[in-house]
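The values are calculated or read from the model by the stated rules, or taken from the named source; none is laboratory data. Bear in mind the structure is a predicted one, so any value in this text is a computation, not a measurement. Note that we place each Cβ from the backbone using ideal geometry, even for glycine, and neighbour counts take in every protein chain shown. Surface areas here come from the heavy atoms of the whole protein model, side chains and all, with no ligands, DNA or RNA. Shrake-Rupley method; radii C 1.70, N 1.55, O 1.52, S 1.80 Å.
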Amino acid sequence: MLEYHRPASVEEAVGVLAGRPGSVVLAGGTDLVPAYRAGRQSVRGYVSLRGIPGVGELSVGADGLVIRPLSTHAAVASHPEVWARWPALAWACQSVGSVQVRNLGTVVGNICHASPAADTASALLTLGAVVEARSLQGTRDIPIAEFFLGSGRTVLQPGEMVSAIRVPPPAGLGGGAYVKISPRRAMDIAVVGAAVSLWLDENGRCLDCRVALASVAPVPLLTGAGAAVVGQQLALPHDGTWELVSGVHDIFAQAAQLATEAASPISDVRASADYRRAMIPVAVRRALWQALGRATPGEWVIREGVQA
Amino acid sequence: MSIEITLTVNRREYKVDVEPTRTLLQVLRDDLALTGTKEGCDAGDCGACTVLWDGRPVSSCLVLAVEADGGHIETVEGLADEQGLHVLQEAFLEHGAAQCGFCTPGMLMSAKALLDNNPHPSEGEIRTALAGNLCRCTGYGKIVAAVKHAAEAMAASTITALAPVATAGDTPSERVVVDHRGEAPEGDGAHG
Ligand SMILES: Cc1cc2nc3c(=O)[nH]c(=O)nc-3n(C[C@H](O)[C@H](O)[C@H](O)COP(=O)(O)OP(=O)(O)OC[C@H]3O[C@@H](n4cnc5c(N)ncnc54)[C@H](O)[C@@H]3O)c2cc1C
Ligand code: FES
Ligand code: FES
């Protein structure tokens, strides 16, 4: 007989997880409920989060963004500050499923389910997010790059749950993007997903750039491809407009190449490994251009001979 | 282990004993006999089971009924009232936006949530709002046209008033539409 617990605090929730081994946290249920009903999962009980006050709140401040266990994709994607400061995450949340799924599904559930295709995982990887895990033993911080072990597997221990995801504030003029390649525009998971976050100084030089990929490795993959972009002059400010420097195209092509080399795609029902490998540079280049566009709002001046 | 929950469905309160394995969709159809909400896939993929939970469209096959305890649910049965069909229902009829009709209740609920929050949607916004509702018959064009028409018809006969945002994460520009019957429809995004 399936148990259902509705604790009133995170502390009480981790108590139930410890005392009733085999129980799992139930967040939006969009992964758990269909899996259970299709007989793909046996659990002892669900630990619901709906009795915990404030468990769906998002906080945005000088320290960055705090995502809580019941923060839905819809809540994140309807927050104007998230669009302005962490665009890769906003685009990733907006790309999940449909309105009906985004109103239920949570960002924390998305990373805990640990699908290599998880849209928000790659965005969070580019943003240097920190996963806060809570158990009866206390709280520990896990950099998201160390969170995923394999398809469906994370470093969370039995009795542990995620109590928050913290996303640091932008490190300069920020831009970001999430480009998802899938046969359908909605209700489909990524054949290839590319997340990019990049930050410029006010002179248009790249302070930092990170590129992560979905659906091309056993885990959501933070690549080293940003190294091709960091330190490079990408644009020059001219009273309110930005002049694109020559060479940006080549810099982005090089980053796309590095990202492709980092991936180890497989063939499955959605796509062949070859198709995925061919699409990675396409998705990465698109994401880089979109991110650059968002980091340099206003008009772009493109001189003759510069390839955009 | 059965649990007593309270659901307010189309403004009527129900107390139901449910097993924690049962979905909101099952409870609506089998316990409350509200069979207007359809089961297509039972896996979150088709949108036929769309209902509004505290004003937000969700797939009721993905929600355990116990999770919705204390919540306000709107189903297609709640759209019409003693004065007649809802503007959206009239528009669907006029435009021939239903063929077999299986997707229609879900389409109507998604469209209602859209118009409750955004009385003047663009075609793109309509298509995004309905992207989680599959239709095997109509080709969608007539459905989109019907929603657009309903929005225009409602704009012609409504006063819109700004309402305070109730819940973190709601669209800041969320509005309550006060319709011609002079009452705010449920599902203005406020958590009950
Ligand atoms: C129709 C449909 C379309 C979808 N489309 C997409 C898509 O486009 N992109 C995508 O990435 N995903 C997609 N998904 C998958 C799913 O919606 C997402 O992964 C979602 O974010 C899961 O969140 P949830 O809150 O519903 O998780 P749940 O189902 O509640 O939980 C998922 C897993 O995480 C664990 N968990 C949840 N919260 C915690 C916590 N605080 N601590 C520890 N463990 C926890 C649960 O125990 C469970 O193992 C789709 C699903 C459906 C049904
Ligand atoms: S029956 Fe719920 S989405 Fe298909
Ligand atoms: S009218 Fe038949 S599925 Fe839409």
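Does A:L149 count as surrounded by fewer than 21 Cβ atoms within 10 Å (Cβ to Cβ) and among the hydrophobic types (A, V, I, L, M, F, W, C)? Spelling it out, A:L149 is indeed surrounded by fewer than 21 Cβ atoms within 10 Å (Cβ to Cβ) and among the hydrophobic types (A, V, I, L, M, F, W, C). Residues in the stretch A:25-58 that are more than 9 Å from chain B (Cβ to nearest Cβ) and surrounded by fewer than 17 Cβ atoms within 10 Å (Cβ to Cβ): A:A35, A:G39, A:R40, A:Q41, A:S42, A:V43, A:R44, A:G51, A:P53. Is one or more of the residues making up the stretch A:101-119 open to solvent by less than 20 Å² (accessible area, probe 1.4 Å), part of a loop (DSSP other than H, G, I, E, B) and within 30 Å of B:L115 (Cβ to Cβ)? The answer is yes; a qualifying residue exists. Give the residue that is least open to solvent (accessible area, probe 1.4 Å), with candidates limited to residues of the stretch A:61-80 that are part of a loop (DSSP other than H, G, I, E, B) and within 9 Å of another protein chain (Cβ to nearest Cβ). Here the answer is A:S71. Quick check on the stretch B:101-116. Is at least one of its residues within 16 Å of ligand 3 (Cβ to nearest atom) and in contact with a His (Cβ under 9 Å, 6 or more places away or on another chain)? Within the stretch B:101-116 (the criterion being within 16 Å of ligand 3 (Cβ to nearest atom) and in contact with a His (Cβ under 9 Å, 6 or more places away or on another chain)), the answer is yes, since at least one residue qualifies. Only residues that are within 17 Å of the chain's Cα centre (by Cα) and either closer than 25 Å to A:S115 by Cβ or outside any strand (DSSP E or B) (or both) were counted in the stretch A:183-207, giving 10. Screening B:L93, B:L88 for residues that are more than 10 Å from chain A (Cβ to nearest Cβ), more than 16 Å from ligand 2 (Cβ to nearest atom) and either in a loop (DSSP other than H, G, I, E, B) or in contact with a Leu (Cβ under 6 Å, 6 or more places away or on another chain) (or both) leaves exactly one candidate, B:L88. Would the stretch B:88-100 turn up any residue that is away from ligand 3 (no atom under 16 Å from the Cβ) and without any contact (Cβ under 8 Å) to a residue 40 or more places away in the chain? So far as the stretch B:88-100 goes, no, none of its residues is away from ligand 3 (no atom under 16 Å from the Cβ) and without any contact (Cβ under 8 Å) to a residue 40 or more places away in the chain.
Mind counting the residues in the stretch A:247-281 that are surrounded by fewer than 14 Cβ atoms within 10 Å (Cβ to Cβ) and hydroxyl-bearing (S, T, Y)? The total comes to 3. Across the stretch A:84-99, the qualifying residues are those that are more than 16 Å from ligand 3 (Cβ to nearest atom) and either of a type in the set (S, T, N, Q) or under 26 Å from B:S60 (Cβ atoms) (or both), and the one among them that is farthest from the chain's Cα centre (by Cα) is A:V99. Across the stretch B:15-47, the qualifying residues are those that are assigned to a strand (DSSP E or B) and touching a helix residue (DSSP H, G or I) at 6+ places or on another chain (Cβ under 8 Å), and the one among them that is nearest to B:G106 (Cα to Cα) is B:T23.
Screening B:E39, B:E74, B:E13, B:E82 for residues that are over 14 Å from A:L104 (Cβ atoms), without any contact (Cβ under 8 Å) to a residue 24 or more places away in the chain and either within 16 Å of ligand 2 (Cβ to nearest atom) or crowded, with 22+ Cβ neighbours inside 10 Å (or both) leaves exactly one candidate, B:E39.
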